[in-house]
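Please read the structure below before turning to the comments.
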Amino acid sequence: MRLPLIAANWKMNKTTAETREFITEFLPLVDGVKDVEIVIAPAFTSLPVAAKFLKGSNVKLAAQDVFWETEGAYTGEVSPLMLKDVECTYVIIGHSERRQYFNETDEIVNRKIRAAQEADLGIIFCIGETLQEREAGETLQVLKRQITEGLKGLSAQGLVIAYEPVWAIGTGKTATPEQAEEAHSFIRKELKTLYGNEAEQIRILYGGSVKPDNIASLMAQPNVDGALVGGASLKPDSFSKIVRFKEP
Ligand code: 13P
């Protein structure tokens, strides 16, 4: 049994005051939820305030990115050790916006995953094809490359995969449950090639225009084990409805 994981990726949104306000409103809405692991990934600047207000709750903290060195002359970067220091449990690595705007390659992603594993952080490793790649019939090939290169030489320690088709991010065009399942079952098969039976325990999240009204049909698919939510995670009400997807 894989415990569903629902994570909020706030991207470049919310000041510290807005973070505090969200958490104060959100925690009562998910009070008592135990059958879903809940994670929030605010901007770096809001991590300490989020850690303070989430303490003792059923919501865990994630960062949106990390650098691969522990310390040194890397202006603007944040290390795995620093994320542990502010009580992060997870870190998102390889998000398509990092790949697109900051030229992150599979090799960079691989280094970051390695460093996060060494620091004992959980990893939400994002993969997904662009619209152009999907239309060219290259989806599975792209996923295979991202998995093989991103995880080269690495164990499955702390690993969660997020399948985020780039064409579904922020566009309102969600993948159909069948499209998601097709990709997720392919990803599971690739993980089995790398990790054997251990692949059965790895959670594969779906991301891309997840909303309260489409989460249940996505979660009904056998290989969809959770969601990585952008826009709809910014409001306590809509994010709590996604977390409580099992309730009518
Ligand atoms: P949206 O939910 O806004 O489409 O964003 C998805 C995403 O990129 C989460 O990481």
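The values are calculated or read from the model by the stated rules, or taken from the named source; none is laboratory data. All values reported here derive from a predicted model rather than from experimental measurement. Using ideal geometry, Cβ is built from the backbone for each residue, glycine included, and neighbour counts are taken over all protein chains shown.
Is one or more of the residues making up segment 120-129 of a type in the set (Gly, Ala, Ser) and either in contact with a helix residue (DSSP H, G or I) (Cβ under 6 Å, 6 or more places away or on another chain) or within 16 Å of the ligand (Cβ to nearest atom) (or both)? Checking segment 120-129: at least one residue is of a type in the set (Gly, Ala, Ser) and either in contact with a helix residue (DSSP H, G or I) (Cβ under 6 Å, 6 or more places away or on another chain) or within 16 Å of the ligand (Cβ to nearest atom) (or both).
Scanning segment 188-207 for residues that are under 15 Å from LYS144 (Cα atoms) and within 16 Å of the ligand (Cβ to nearest atom) returns a single hit, ILE204. Given the condition crowded, with 21+ Cβ neighbours inside 10 Å and at pLDDT 95 or above, answer yes or no: does some residue in segment 192-203 qualify? No.
Scanning segment 98-109 for residues that are surrounded by 20 or more Cβ atoms within 10 Å (Cβ to Cβ) and closer than 16 Å to SER155 by Cα yields a single hit, VAL109. Is it true that LYS11 is in contact (Cβ under 8 Å) with a residue 24 or more places away in the chain and either among the charged types (D, E, K, R) or surrounded by 14 or more Cβ atoms within 10 Å (Cβ to Cβ) (or both)? Against the criterion (in contact (Cβ under 8 Å) with a residue 24 or more places away in the chain and either among the charged types (D, E, K, R) or surrounded by 14 or more Cβ atoms within 10 Å (Cβ to Cβ) (or both)), LYS11 qualifies.
With the condition kept exactly as written, say whether any residue in segment 182-205 is over 23 Å from MET1 (Cα atoms) and under 18 Å from the mean Cα position of the chain (by Cα). Checked against the condition, which is being over 23 Å from MET1 (Cα atoms) and under 18 Å from the mean Cα position of the chain (by Cα), segment 182-205 yields no hits at all. Once segment 135-157 is narrowed to residues that are among the basic types (Lys, Arg) and touching a residue at least 40 places away in the same chain (Cβ under 8 Å), the residue that is nearest to LYS112 (Cα to Cα) is LYS152.
Beta carbons closer than 6 Å, at least 6 apart along the sequence or on distinct chains, pair a first residue in segment 222-239 that is touching a residue at least 24 places away in the same chain (Cβ under 8 Å) and within 8 Å of the ligand (Cβ to nearest atom) with a second that is polar (S, T, N, Q) and not in a loop (DSSP other than H, G, I, E, B) for LEU228/ASN9; GLY230/ASN9. How many residues does segment 204-219 hold that are in contact with an Asp or Glu (Cβ under 9 Å, 6 or more places away or on another chain) and over 16 Å from GLU164 (Cα atoms)? Residues meeting the conditions: 1. So, ALA216, is that one within 15 Å of the ligand (Cβ to nearest atom), in a helix (DSSP H, G or I) and at pLDDT 95 or above or not? When the stated conditions are applied, ALA216 does not pass them.
Name the one entry in GLY128, GLY150, GLY94, GLY137 that is buried (at least 22 other Cβ atoms within 10 Å of the Cβ), out of contact with any Cys (no Cβ under 9 Å at 6 or more places or on another chain) and on the phi > 0 side of the Ramachandran plot. Spell out the reasoning first.
Values: GLY150 fails: on the phi > 0 side of the Ramachandran plot; GLY94 fails: out of contact with any Cys (no Cβ under 9 Å at 6 or more places or on another chain); GLY137 fails: buried (at least 22 other Cβ atoms within 10 Å of the Cβ).
Result of the check over GLY128, GLY150, GLY94, GLY137: GLY128.
In this structure, does SER155 turn out to be away from the ligand (no atom under 12 Å from the Cβ), part of a loop (DSSP other than H, G, I, E, B) and hydroxyl-bearing (Ser, Thr, Tyr)? For SER155, the condition - away from the ligand (no atom under 12 Å from the Cβ), part of a loop (DSSP other than H, G, I, E, B) and hydroxyl-bearing (Ser, Thr, Tyr) - is met.
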